[in-house]
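In what follows, a single structure is set out as structure tokens and then discussed.
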Amino acid sequence: MPELPEVETIVRGLRTVLPGRTILSVRLGKTDFIEDPVALAELLPGRRIETVERLGKFIRLQLSAGAGAKSAERELSLIVHLGMTGWLGVRRQDDPVAPHSHAFFELEDGRELRYTDIRRFGQMRLVGGDQIDAFKDSLGQEPLEISASEFNRRLAGRRARIKALLLDQSVFRGIGNIYADESLWQARIHPARLAARLKPAELVGLRKAIRSVLQRAILDRGSSISNFVDAEGQPGEYQRRHRVYGREGEPCFRCGTKIQRAIVAGRSSYFCPRCQRAPRRVRGIRGASRTS
């Protein structure tokens, strides 16, 4: 599933070609992932794309009303979530259409913004200008911008496993399974530890690790585990830097101990049992070893 670095990579690619372009028409295929397909098809033509930004794992296209827009509302936002297999990019109209392409936005420069999603677990919706702040507020804090004090406030005292909190999009937006595991390994924290039992120094180290991992992954254009490619169709390279994710049975890069996998917060979690000491009580954590 595309996480913060992958979505940021796609946004940066779209940002080089979309701002200033006007949507002329909308053509839809399967629409079960679209909140209101009729509104999408009727309200987008005539609108100008002003900016492209990332909101956690969401892509936001800010649209202003042009002369041909049917809606008088000055500002609309097209919000896109890529789900597990989604892709959003610009192609020439005569370029071959990839299988499972479900949305086509014709641009005035002769190209198309296309949305492709094999499994259709993504989302697409319109958000009015008076609702965008509420939408942003429903998301967690941006992990690359959060202050140390706010980071600690959101974790300190929480009687939940740290892996679960990192994956909770109402706590931090954009962190997913890959980068939670990579950050916890770098910070030497077991994914089943309770946040309330993390020491202040460990919280400092975890925030630093999250920022470091995400920033490096963005520079490498994300992780291409299965089918992720950027807006130009190129794969990412951060998977070459993975230290624990997907490496069960392979030696830890720090100490040589074999990487283990356990189910934490309902997700496969990879960790080094020596570098990331497990809590004493790990009931309900399938596959995790017990240590004192």
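Throughout, read-outs are computed from the coordinates displayed, never taken from laboratory work. Predicted model, so just to flag it, every value in this text is computed and none were measured. Here the Cβ positions follow ideal geometry from the backbone for every residue, glycine too, while neighbour counts run over all protein chains shown.
Odds and ends about this structure:
- Fewest neighbouring Cβ atoms within 10 Å first, the residues His100, His81 line up as His100, His81.
- Per-residue Cβ neighbour rank within 10 angstrom, fewest leading, Trp87, Trp185: Trp87, Trp185
- Protection proxy ranking, peptides 250-258, 216-224, 17-25, average beta carbon neighbours within 10 Å, highest first: 216-224, 17-25, 250-258
- Global form of the stretch 4-137, assessed from the alpha-carbon gyration tensor, a/c cut-off 1.5: rounded
- Ranking of Ile175, Ile146 by count of other Cβ atoms within 10 Å, fewest first: Ile146, Ile175
- Remark: the stretch 130-138, residue by residue, has Karplus-estimated 3J(HN,Hα) of 7, 10, 5, 5, 5, 5, 4, 5, 6 Hz, where x stands for each Gly or Pro and the curve is 6.51 cos²θ - 1.76 cosθ + 1.60 at θ = phi - 60°.
- Formal net charge of residues neighbouring Arg274 (Cβ-Cβ distance under 12 Å; K, R +1; D, E -1): +4
- Amide H to amide H, with H built 1.01 Å from N, Arg277 comes under 5 Å of His190, counting only residues 5 or more places away or on other chains.
- The chain: DSSP helices with Cα axial extent of at least 24 Å and average Kyte-Doolittle hydropathy no lower than -1.0: 200-219
- Pairwise FRET efficiency - Ser147 versus Ile225, Cβ, R0 = 35 Å, nearest 0.05: 0.65
- Candidate lysines for bridging to Lys208, where Cα separation is under 18 Å - those fewer than 8 sequence places away on the same chain excluded: Lys163, Lys199
- Inter-label distance, nm, simple model (7 Å from Cα along the C-beta direction), Glu42/Ser25: 1.9 nm
- D by Stokes-Einstein for the chain, Kirkwood Rh over Cα pairs, 4 °C, 1.567 mPa s: 64 µm²/s.
- Distribution of pairwise C-alpha distances over the stretch 99-185, 10 Å bins, in %: 13, 31, 29, 20, 7, 1
- When the charge dipole of the chain is built from unit charges on Cβ atoms (+1 for Lys and Arg, -1 for Asp and Glu) and taken about the Cα centre, the candidate among Phe33, Ala196, Val80 whose Cα reaches farthest toward its positive end is Ala196.
- Under 13 Å from Lys57, Cα to Cα: aspartates and glutamates that are on another chain or at least 8 residues apart: Glu3, Glu6, Glu8, Glu142, Asp168
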